[in-house]
Amino acid sequence: QYNELITSIKTRVPNASLYVLNLYYPTDGHYKSYRKTIEQWNTLLLDNASNLGYTLINLSSLLVLEDDFAYNIEPSFKGGQKIVDAISNTVIN
């Protein structure tokens, strides 16, 4: 369904630049059971980026330190700044 959504957007707005953010891996051990699912999702996004015509912003490589997170799962101020910088650098370049 996700691929259908991207295709639909590209059909309706063919000149739009699409940016997709993958999922980060929370460092807290409580969320370790989700790692394989997140990995599968991120692989799917990466594999389909060129075919579906979107730019992938790789959050999983940015948010890797414990202090990138608040409450064990949400991006902290530092992690949030990394996300903002990644989006800005990708969209502006």
Query raised in the report: Which chymotrypsin sites (Phe, Trp or Tyr not before Pro) in the chain pass both tests, a DSSP loop state and at most 11 other beta-carbon atoms within 10 Å?
Result: Tyr71
Query - Stretchable slack from Ile87 to Glu39, in nm (0.36 nm times residue separation minus alpha-carbon distance) - result: 15.2 nm
Requested in this report: Please give the calculated 222 nm ellipticity per residue for the chain, where each DSSP H segment of at least 4 residues contributes -39500 (n - 2.57) and the sum is spread over every residue; nearest 500 deg cm²/dmol?
Outcome: -16000 deg cm²/dmol
Report task. Using 0.36 nm per residue of separation minus the Cα-Cα distance, give me the extension gain between Tyr71 and Ser8 in nm, one decimal. Result -> 19.1 nm
Report summary line: So, relative contact order of the chain in percent, Cα under 8 Å, 6 or more apart, is 29 percent
**Report entry** Given charges at Cβ of Lys, Arg, Asp, Glu: the chain dipole, positive-most of Leu62, Thr90, Tyr2
**Finding:** Tyr2
**Report entry** Residues whose placed amide H lies under 5 Å from that of Tyr19, excluding near-sequence neighbours
**Finding:** Thr55
Report summary line: If unit charges are put on Cβ atoms (+1 for Lys and Arg, -1 for Asp and Glu) and the dipole of the chain is taken about its Cα centre, the option from Gln81, Tyr24, Trp41 lying farthest towards the positive end turns out to be Trp41
Report task. Along Cα→Cβ, 7 Å out, is where each label goes; now give me the distance between the ones at Asn51 and Lys32 in nm to one decimal. Result -> 3.4 nm
Query - Estimated dipole of the chain in Debye, rounded to 20 [Cβ of Lys and Arg +1, of Asp and Glu -1, Cα centre] - result: 260 debye
Requested in this report: At a temperature of 25 °C and a viscosity of 0.890 mPa s, determine how fast the chain diffuses translationally according to Stokes-Einstein, using the Kirkwood radius over alpha-carbon pairs as Rh; express D in µm²/s, rounded to the nearest whole number.
Outcome: 171 µm²/s
Query raised in the report: How much of the accessible area of the chain, in percent, comes from carbon and sulfur atoms when a 1.4 Å probe is used?
Result: 54 percent
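The values are calculated or read from the model by the stated rules, or taken from the named source; none is laboratory data. As the structure is a prediction and not an experimental result, all values here were calculated from the model. With ideal geometry, Cβ positions are generated from the backbone for all residues, glycine too; neighbour counts draw on all protein chains shown. Protein only, heavy atoms only, side chains kept; ligands, DNA and RNA dropped before computing areas. Shrake-Rupley method; radii C 1.70, N 1.55, O 1.52, S 1.80 Å.
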